[in-house]
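Trainee: Shown below is the structure under consideration.
Please treat every number below as a calculation from the coordinates, not as lab data. Predicted, not measured: the structure shown is a model, and the values here were computed from it. Every residue, glycine among them, receives a Cβ derived from its backbone with ideal geometry; neighbour counts consider all protein chains shown.
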Amino acid sequence: MLAMMTHTQKKVLRLSSSLPRLRRNNDRKTATLSTPDGKRPLIANTFGLPSGKSFSCPNATSVCEKVCYAGKLEKIFKGTRELLLANWDAVQNKSVKELQEMIQFMIDDFKWECNKYNAAKLFRIHWDGDFFSNDYTQAWRKVIEDNKDVQFWVYTRVPDAVKILTGIDNLSLYFSADDDNKHWAKRLKEDYNVKLAWLSSTFDEASSQVKALTGAPGAKCPEQTRQIPLISIDGGACYSCGLCTTNKTDIRFSISKK
Ligand code: SF4
């Protein structure tokens, strides 16, 4: 029903809704469109929640807690932290239906901007944070299924989220794995054939781990190896690269970038 309304009808509905508004983020790496100097994103195509076990990451591992890039940005940038905390407050104690409505409103705004700037409809769920409850994950599933004109992608350390989100055409789903949760990576690979985003100290270590489970090493993230820039006039690294956004292969990340 919501997905079939015009943008104006949805705006009217949102203005009359008592539900809080979710806010998107700009991210240089995920941007589909950049400023003419190629330095900043023009469209906010990602959404985040505060990270860590005290917030939205129930399955944070010791490895990811130590190196969490997004968590570090939260500490550095007060405005970013406030935006994430506002999103966090907004999603508390809501039903699946309410969460679905809130997420759909956010995606409507995103699509409206994409149409205005003639930009690709590519949306990264959770530049920071994770699926903190099954209700929240179910709400995302419904929104993704209702918006087939958007290609979504996400990495999660939550096994239940993989189970709930598996098998959606317009979602590229990755299980984020490392030494601490490799038992889950094995099970989810076997049961759901989910793609893996593996984090190790080095690319070689990650290669051994991925190969042990899949028979192939997976691809190194080319932004980490500096084969492609974080952002350029052609957009962010992920938009130019496309490996994760299209679910092409298992991916390796290295803490040392070596
Ligand atoms: S492999 Fe490509 S799509 Fe995936 S994180 Fe790296 S740059 Fe982005």
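Trainee: I want the local charge near Asp149. Using Cβ-Cβ distances under 11 Å, sum +1 for each Lys or Arg and -1 for each Asp or Glu among the other residues.
Mentor: Around Asp149, the surrounding residues sum to +2.
Trainee: Which of the peptides 71-82, 94-105 is most tightly packed, and how do the rest follow, going by the mean number of other Cβ atoms within 10 Å of each residue?
Mentor: Output ranking for 71-82, 94-105: 94-105, 71-82.
Trainee: Working from Cα positions, state the angle (0 to 90°, nearest 10) between the long axis of helix 182-192 and the longest principal axis of the chain.
Mentor: With both axes taken from Cα atoms, the answer is about 60 degrees.
Trainee: Per residue of the chain, what 222 nm ellipticity follows from adding -39500 (n - 2.57) for every DSSP H run with n ≥ 4, rounded to the nearest 500?
Mentor: So the calculated ellipticity at 222 nm is -12500 deg cm²/dmol.
Trainee: Bin width 10 Å, origin at 0, all Cα-Cα pairs of the range 210-258: what percent of pairs per bin?
Mentor: All Cα pairs considered, the percentages come to 26, 50, 21, 3.
Trainee: What is the distance in Å between the Cα centres of the range 102-150 and the range 50-66?
Mentor: Using only Cα atoms to place each centre, the spacing works out to 22 Å.
Trainee: Let me ask something else. Would you please put 175-184, 141-150, 6-15 in order of how densely packed they are, using the mean number of other Cβ atoms within 10 angstrom per residue and starting with the highest?
Mentor: 175-184, 141-150, 6-15
Trainee: To the nearest 10 degrees, how steeply does helix 7-16 sit against the main Cα axis of the chain, on a 0 to 90 scale?
Mentor: Taking the Cα atoms of the chain, the angle to 7-16 is about 80 degrees.
Trainee: Follow-up. Please tell me the relative contact order of the chain in percent, rounded to the nearest whole number, where contacts are Cα pairs under 8 Å and at least six residues apart.
Mentor: This gives 22 percent for the chain.
Trainee: Once you order the gyration tensor axes a ≥ b ≥ c over the Cα atoms, which shape class does the range 169-258 get: rounded for a/c under 1.5, otherwise prolate or oblate by comparing a/b with b/c?
Mentor: oblate
Trainee: What percent do you get for the relative contact order of the range 52-200 when only Cα pairs under 8 Å and 6+ apart count?
Mentor: 22
Trainee: Same structure again: Rounded to a whole number, what is D in µm²/s for the range 23-115 from Stokes-Einstein with the Kirkwood radius over alpha-carbon pairs (10 °C, 1.306 mPa s)?
Mentor: D = 107 µm²/s.
Trainee: Further question: Please report the spacing between the Cα centers of the range 171-217 and the range 1-47 in Å, no decimals.
Mentor: After rounding, the separation between the Cα centres reads 32 Å.
Trainee: What lysines could a cross-link reach from Lys10, if we take a straight Cα to Cα line under 23 Å and drop same-chain neighbours fewer than 8 places away?
Mentor: Qualifying lysines at Cα under 23 Å: Lys94, Lys97, Lys111, Lys116, Lys121, Lys142, Lys148.
Trainee: Which three semi-axes in whole Å describe the equivalent ellipsoid of the chain, each the square root of 5 times a Cα gyration tensor eigenvalue, listed largest first?
Mentor: Value: 29, 21, 18 Å, ordered largest first.
Trainee: Can you give me the angle between helix 203-214 and the longest principal axis of the chain, using Cα atoms only, in degrees from 0 to 90, rounded to the nearest 10?
Mentor: Tilt relative to the chain: about 80 degrees.
Trainee: Same structure again: May I ask you to list the aspartates and glutamates whose Cα is less than 16 Å away from that of Lys163, ignoring any residue fewer than eight positions away on the same chain?
Mentor: Within the straight-line limit of under 16 Å, Lys163 reaches these aspartates and glutamates: Asp130, Asp135, Glu145, Glu190, Asp191.
Trainee: In whole percent, what relative contact order does the range 15-92 give with Cα contacts below 8 Å and a gap of six or more residues?
Mentor: 28
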